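Visitor: Below are the structure tokens for one structure; questions will follow.
The values are calculated or read from the model by the stated rules, or taken from the named source; none is laboratory data. Since we're looking at a predicted model, the values are computed, not measured. Backbone-built Cβ (ideal geometry, glycine too); neighbour counts: all protein chains shown.
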Amino acid sequence: MSAARDGRRETDLREWRTGEGKVLGARIPPPRDGHLSAAVPPGLGPDTPARVPEVSDRFWTLPNAISLGRIALIPVLVLSILAWDDPPLALWLLGVLVVSDWLDGKIARLWNMRSTWGERLDPIADRILVAAVPVSFAVAGYIPVWIVVVLIARDLLLTATLPVYRRRGLDPEVTYLGKAATFALFWSLPLLLTGHAGVPGGQAFELVGEACLYWGVGLYAWSGGIYVWQASRIARAVRPRGVRSADVGAPDGV
């Protein structure tokens, strides 16, 4: 019974992704001259084993140390903005935090230092930074308070949809719109901070930063609506694990 139920779930997933109930592999042309390799490129056959990168349980690794250092620097960044009123120092610290965010992942992949702790620490550090910097900017008067409210409300709304995916063994599908929103917001903060740091041409940096900020907030809210719509489609179309066919379409928290 379990195998049959899992098979039905896989069918649901394929139908949801293609919209036609057809497996994409069915469109591969038939073999020529009796050779299967002529129809399916090497490495794309159904029997090709997937490569799973090794993930250790070690805590003290170089990428994890970088993530911990990033978490420790975030309060210093907040103090430099709110208590010390030192935009140049805040800009330097923000640059260090951004580079370290890229560096820990790069080291983990290149030197095979991926760990379960790192998979937890890196998102935690990112979430703290993403929450702390906009709030600090709003308190300091760099950005309007309503922008912070929109960003937080959108993240809370997406968090409420996570049970829909977890019950089905899925992950939320990242959209290009969401990536564009994150990119615009990511660059708006250092540009705004540069405008307040007293550097030559600071007003131009501030104007570009404001443009990126408002553009990013609009895309962020729009992508949030798309994520909620995707979750509602999945809730109706895909069976949760351990749920019978008759239960599909029942309310699932979205």
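Visitor: So, residue 188, is that one assigned to a helix (DSSP H, G or I), modelled with pLDDT of 90 or more and in the same structural domain as residue 88 (by the TED database) or not?
Guide: When the stated conditions are applied, residue 188 does not pass them.
Visitor: Which condition number in (1) under 30 Å from residue 86 (Cα atoms); (2) at pLDDT 90 or above is the one that residue 157 fails?
Guide: (1)
Visitor: Considering segment 82-112 alone, what residues qualify as being crowded, with 18+ Cβ neighbours inside 10 Å and outside any helix (DSSP H, G or I)?
Guide: Scanning segment 82-112 gives no hits.
Visitor: So, in segment 125-151, of the ones that are hydrophobic (A, V, I, L, M, F, W, C) and surrounded by fewer than 14 Cβ atoms within 10 Å (Cβ to Cβ), which residue ends up nearest to residue 67 (Cα to Cα)?
Guide: If we take residues in segment 125-151 being hydrophobic (A, V, I, L, M, F, W, C) and surrounded by fewer than 14 Cβ atoms within 10 Å (Cβ to Cβ), then 149 is nearest to residue 67 (Cα to Cα).
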